[in-house]
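First comes the structure, then the notes that go with it.
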Amino acid sequence: MHSPDNQNTSPNRGPLTGVRVLDLSAYHAGPYGCSMLADMGAEIIKIEPPAGDNARHYPSTLATEARGLLGSNRSKRGLVLDLKREEGRAVLHRMVRNADVLVHNFRPAVPPRLGLTWEALHALNPALIVCGITGYGDKGPLKDKPGFDQVLQTMTGVCAAQGRHGPPEIVYGSAVDYYAAAQVTMAISAALYHREKTGQGQFIGVSLLQAALTMQSMRLIWAEGEPRDIQRDMHSGGITGLHPTREGSLYLSANTPHFWGALCEMVGLPELATDTRYDSIRKRAEHIDEIVPRIRAALASRTALEWEALFGERVPCAAARRTEDMFDHPQVIAMDLIAEVDHPTVGSYKTLQNPIHFSATPCGKPFAAPLLGEHSQAILAEEGYSADQINKLLTTGVLGFEMSSKS
């Protein structure tokens, strides 16, 4: 385990302090999984090809960086290596000997070309943990097919379920990617625990297919004797869901007898709570055409924000807000979930911090996602390369960095 003294590293004191992770992944699943490891104290080195993570090139309302790149890569240092060249692979192999974890999202055919198979990496460092993220897994007829969040949503039924009253609909926000990121973080943490006991590294396989199906575990049940094509979703009688109000939409969740009774009382319909036709979730589901219009007529008397304030703790609910409203929401502020960081070209920006709280090993503040190759020279110096060796790698294009870098 490692803890280099570098001004660009986070002052984290989290439970993974001292763990060094080489992050070769791109887009969101691998990068964000590594950012969550950084949240817990790990040192993350983001290694990109000369062209950079493709997420850097997506459209953005920010002038110099893609918003998604910043959001998925907090608290990392950046290195550019051309792994298509032997000299670049030699640098990476040298770094592997001093690393604890390596993460990539190459399709199965790529690691053999780069000398990054599990067998090759294990030979270099038997204690290394390697996490390979794919679209569909490392075997089977689709193993070499490129996989992306919304492709997997569409394939696995997420879109069909989302648009259950009409055509399929995409769930925006890269839900599959971010769930896969959580699996990456969980699996690596478990593998580190196993290594702590045994000294053994291992290979971890995570795929978007696995993540998309895991997200649907509640629906992915097919009992013996059931027809194939049945309604697999759990819907709470039409009461749980978004409802229009005088202004804005309000989400209600009133499934238990206690919450159902409180809802009926507070909207002025106490008779619904005592009607035996509606005294269970299943019964209410059978009478949604009777109940929902009356509930919505009552909700039309106030705005969504007014109902939210009125219901308070008695009825689980939320007025529909925009993501932007979370930056200054009182609960978010109280939980200290937003940090302000400085970036060399973007300037100051606000971002998420400390999504997990530890009482004994509290985590430090995040720092900004790196420029492309921002810390290339400093990282290689830490690995023992001389100034002449680094300059040669820069001159030949094996190593790269942003001209505006502060490194």
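A convex hull fitted to the Cα coordinates of the chain yields 181 cubic angstrom per residue. For M326, M215, the sequence from fewest to most other C-beta atoms within 10 Å is M326, M215. Relative to the current alpha-carbon distance between K197 and K365, full extension at 0.36 nm per residue lengthens the span by 57.5 nm. Using alpha carbons only, the radius of gyration of region 241-326 set against its Kirkwood radius gives Rg/Rh = 0.97.
Going from the residue with the fewest nearby Cβ atoms within 10 Å to the one with the most, E382, E43, E65 rank E382, E65, E43. Within the straight-line cut-off of under 30 Å between alpha carbons, the lysines reachable from K392 are K46, K76, K84, K406, sequence neighbours fewer than 8 places apart in one chain being disregarded.
Of the beta bridges in the chain, as assigned by DSSP with both residues counted there, near 45 percent are antiparallel.
Spin-label model, T323 to K350: label points 7 Å out along the Cα-to-beta-carbon direction sit 1.4 nm apart.
Set the Förster radius R0 to 30 Å, insert the Cβ-Cβ distance between A109 and M155 as r into 1/(1 + (r/R0)^6), and round the FRET efficiency to 0.05. Please report the intermediate quantities before stating the final value.
On the way: r = 21 Å, r/R0 = 0.68.
With a Förster radius of 30 Å, E is 0.90.
For a footprinting-style exposure proxy, rank H122, H165 by other Cβ within 10 Å, fewest first.
The most exposed by this proxy come first: H165, H122.
Here, each number is a calculation from the coordinates, and none is a lab measurement. Keep in mind the model is a prediction, meaning the values are calculated, not measured. Cβ atoms come from the backbone with ideal geometry, glycine included; neighbour counts cover every protein chain shown.
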